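Student: Below is a structure I'd like to ask you about.
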Amino acid sequence: MFHRPTSAPGTRLVKRLLQALTALALTAVAAGCGADRPADRAGTTPAASASAPATGAAFPVTVEHMYGTTEIKKRPERIVTFGLSDHEPVLALGYKPIGVVDWFQRTPFTDWPWTKDVWGGAEPTVLGLREDGVKFEKLVALKPDLIFAMYSGIQKEHYDQLSKIAPVVAQPKGYDPYAAPWQEMTLLAGRALGEETRAKELIAGIDEKFARVRKENPQWSDMTAVAADSFKPGQYSAFQKGDPKSAFLAEMGFTIPEEITEKAGASNVAEFGSEGLNMLEVDRLVWLTTGREPWERIKNDKVYKELKVAKEGRDLFLTYQDPPIGAALSFNTVLSIPYAIDQVTPLIKK
């Protein structure tokens with residue numbers, strides 16, 4: 001299980017989709033459109049319903065994104081989310097996607113504490129794992145009438161191919177892949193679903209939560225913070241300010257060091273060995289790891305042990321799952337943020 005959408009895995013996902021598109025071509029699309037709905041097949045798990053909420057603007061609506069504009073002619077009923085966390089703003093706006101991409105290999109997919117009640121027992125079709133790519137045949141068989149690819153790193157050629165299946169909403173305009181703020185993702189989803197007013201209300205509610213945290217912890221405005229990880233001995237990653245995890249810390253009031261962002265360049269992380277650990281000499285250091293196993297390894301690194309942030313206990317170790325605080329930070333969506341605020345605030349105060 002991997003947590004960060006670096007260029008390599010993201011590229012693999014869309015490349016595999018493109019290969020499938022090339023192999024199956026439009027004949028597969030035509031064949032898929034005549035297939036039985038997966039929910040109707042014996043022995044299969046019923047797909048989630050994309051039933052529309054009662055509120056919202058009249059259709060058609062037109063939305064602008066990185067690759068131009070997309071018209072959604074009628075209220076969608078069969079939504080597929082191609083982006084790693086796109087299902088969450090869609091859920092927050094009252095729609096249940098019928099197809100999703102699995103980021104963390106969690107079973108059941110709908111069991112995250114911040115989305116479990118929203119799914120209400122429905123289970124979407126998992127189109128593929130983040131690391132393995134989307135199974136195109138599954139996507140076609142679902143017969144989507146709208147595809148979200150906002151947090152996906154999708155390239156123009158793949159956008160064009162997906163658009164032959166259904167209208168596609170790509171990344172928000174003006175941002176690099178995986179770098180659009182959660183507010184922009186929520187607004188874009190709201191516009192596409194005719195729920196922009198509701199999207200703005202949700203954003204305002206979370207902005208109030210962040211404002212309350214900053215008011216109760218004014219000292220954080222003078223502090224630096226970094227979110228980091230270590231995948232193997234002697235190799236470390238620090239997330240730049242555009243990454244969702246760092247963006248969350250920034251909205252809590254902390255400052256993300258420019259050195260990290262500059263070293264990351266076009267990537268969402270700055271990567272370095274033990275010799276670069278001095279970059280993590282900050283006021284609050286938040287480690288996010290797959291499990292607890294790396295914690296002692298990190299703490300016993302000879303260079304790390306000499307850092308003041310380690311000696312003075314200003315480092316915080318969290319996991320991506322069990323409890324899923326790290327996952328909530330990675331998603332950093334309109335649904336996961338309230339959970340993350342409640343979990344992280346008391347821990348980072350210590």
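Student: Identify the residues of the stretch 273-293 with backbone N under 15 Å of a label point that sits 7 angstrom from the Cα of Asn300 along the Cα-to-Cβ direction, or state none.
Tutor: Zone members listed by number: 292-293.
Student: What's the FRET efficiency of Thr197 with Glu77 using the Cβ-Cβ distance as r and R₀ = 22 Å, to the nearest 0.05?
Tutor: Working: r = 21 Å, r/R0 = 0.95.
Efficiency at R0 = 22 Å is approximately 0.55.
Student: Order these peptides, 322-331, 275-284, 205-214, 136-145, by their mean beta-carbon neighbour count within 10 angstrom, highest first. Could the numbers behind the result be given before it?
Tutor: Numbers: 322-331: 23.3, 275-284: 17.0, 205-214: 14.0, 136-145: 21.3.
In descending order of packing, they fall as 322-331, 136-145, 275-284, 205-214.
Student: Shifting gears a bit: Sort 251-261, 93-103, 154-164 by packing, meaning the average of other beta carbons within 10 Å per residue, with the highest value first.
Tutor: Sorting 251-261, 93-103, 154-164 by mean packing, highest first, produces 93-103, 251-261, 154-164.
Student: Still on this structure, I have one more. About the Cα centre of the stretch 202-350, what is the dipole size in debye to 20, counting +1 per Lys and Arg Cβ and -1 per Asp and Glu Cβ, all else neutral?
Tutor: With only Lys, Arg, Asp and Glu charged at Cβ, the dipole is about 340 debye.
Student: Taking amide H positions as placed in the peptide plane 1.01 Å from N, state which residues far from Leu146 in sequence (5 or more) or on other chains have amide H under 5 Å from it.
Tutor: Arg78, Val80
Student: Order 78-88, 110-120 from most to least packed using the mean count of other Cβ atoms within 10 Å.
Tutor: 78-88, 110-120
Student: Considering amide H positions built from the backbone, and no H for Pro or chain starts, which residues 5 or more places from Val269, or on another chain, come under 5 Å of its amide H?
Tutor: The answer is Gln240.
Student: Could you give the length gained by full extension between Lys311 and Asp342, i.e. 0.36 nm per residue of separation minus their alpha carbon distance, to one decimal place?
Tutor: Fully extending the segment from Lys311 to Asp342 adds 8.5 nm.
Student: What are the ³J(HN,Hα) values, in whole Hz, obtained from phi via the Karplus relation 6.51 cos²θ - 1.76 cosθ + 1.60 with θ = phi - 60°, for each residue of the stretch 170-181 in sequence order, with x given for Gly and Pro?
Tutor: 8, 4, x, 5, x, 10, 5, x, 6, 10, 6, x
Student: Still on this structure: Multiplying the sequence separation of Tyr175 and Lys156 by 0.36 nm and subtracting their Cα-Cα distance, what value in nm do you get?
Tutor: 5.4 nm
Student: So how strong a dipole does the stretch 161-220 carry about its Cα centre when Lys and Arg Cβ are +1 and Asp and Glu Cβ are -1, to the nearest 20 debye? Each step should come with its number before you reach the end.
Tutor: Values: 9 positive and 8 negative charges, 5 e Å.
In debye, rounded to 20, the stretch 161-220 gives about 20.
Student: A further question on this structure: Over the stretch 95-186, what is the relative contact order in percent, taking alpha-carbon pairs closer than 8 angstrom and at least six residues apart?
Tutor: For the stretch 95-186, the relative contact order is 23 percent.
Student: Using 0.36 nm times the number of residues separating Gln105 and Asp222, minus their current alpha carbon distance, what extension gain do you get?
Tutor: Contour length minus the Cα-Cα distance gives 38.3 nm.
No lab work stands behind these numbers, since they all come straight from the coordinates. This one's a predicted model, so the numbers in the text were calculated from it and none came from an experiment. Counting neighbours? That spans all protein chains shown, and the Cβs are built from the backbone with ideal geometry, glycine included.
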